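The values are calculated or read from the model by the stated rules, or taken from the named source; none is laboratory data. Given the structure is predicted, the values throughout are model-derived calculations rather than measurements. So basically every Cβ, Gly included, is an ideal-geometry build from the backbone, and we count neighbours across all protein chains shown.
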Amino acid sequence: MTVPLTMDIHHILKRLPHRYPMLLVDRVVNLEKDVRIQAIKNVTFNEPFFMGHFPHRPVMPGVLILEAMAQTSALLSFASMDVDPGDDMVVYFVGVDDARFKRPVEPGDQLLIESRCERVKGGIYRYNVTATVAGELAARADVMCTMRKIDKT
């Protein structure tokens, strides 16, 4: 498999099982296999979570920022393993450590998510991930993922 250095939404849809409203990566702008990935999440007012979080001051929930970080890391996992996932493979988010949120993420912001592979051990991938808006740190965390084949029955 040839790993593209960038990915548009069509490449991402082939590699992640998520769909609207849970697909939280819009574009990969840089990928270094086994090392790091940079991806973009465009935050728009049309997203359904803004209706209730919070109506008077819309803020992207921190757990969804973490999910965007995990999805970005999953894309790096697939690329690093030279695996083009099918319907029988899924990446599970298995842990998060040292999560910190430094600024609110609001409609109109563009999250730049950078995930760096720290280690792979026993099928568990550990990534150090940051999310920035206009160069300002919005969140950071250590994220762990694993890949599993699933029974499609």
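For the reader, a short list of remarks on this structure follows.
- Region 13-47, subset modelled with pLDDT under 95 and not in a loop (DSSP other than H, G, I, E, B), residue surrounded by the most Cβ atoms within 10 Å (Cβ to Cβ): ARG15
- Any pair with Cβ under 6 angstrom, 6 or more apart, that starts in region 101-123 at a residue that is acidic (Asp, Glu) and ends at one that is outside any loop (DSSP other than H, G, I, E, B) and surrounded by 15 or more Cβ atoms within 10 Å (Cβ to Cβ): ASP109/VAL133; GLU114/GLN38; GLU114/THR130; GLU118/ARG126; GLU118/ASN128
- Among the conditions (1) farther than 17 Å from GLN71 by Cβ; (2) in contact (Cβ under 8 Å) with a residue 12 or more places away in the chain; (3) of a type in the set (D, E, K, R), the only one that ARG126 does not satisfy is (1).
- Applying the set (1) modelled with pLDDT of 95 or more; (2) touching a strand residue (DSSP E or B) at 6+ places or on another chain (Cβ under 9 Å) to VAL59 leaves exactly one unmet item: (2).
- Residue satisfying all of: in region 73-94; hydrophobic (A, V, I, L, M, F, W, C), over 12 Å from the mean Cα position of the chain (by Cα) and more than 16 Å from ASN128 (Cβ to Cβ); surrounded by the most Cβ atoms within 10 Å (Cβ to Cβ) among these: ALA79
- Hey, VAL120 of a type in the set (A, V, I, L, M) and either touching a Cys at 6+ places or on another chain (Cβ under 6 Å) or within 25 Å of THR6 (Cα to Cα) (or both) or not: yes
- Matching residues in region 109-153 - criterion: being modelled with pLDDT under 95 and either surrounded by 17 or more Cβ atoms within 10 Å (Cβ to Cβ) or within 15 Å of the chain's Cα centre (by Cα) (or both): TYR125, CYS145, THR146, MET147
- Yes/no for ALA70 being buried (at least 19 other Cβ atoms within 10 Å of the Cβ) and within 17 Å of VAL105 (Cβ to Cβ): yes
- Test result for GLU106, touching a Pro at 6+ places or on another chain (Cβ under 9 Å), outside any helix (DSSP H, G or I) and at pLDDT 95 or above: yes
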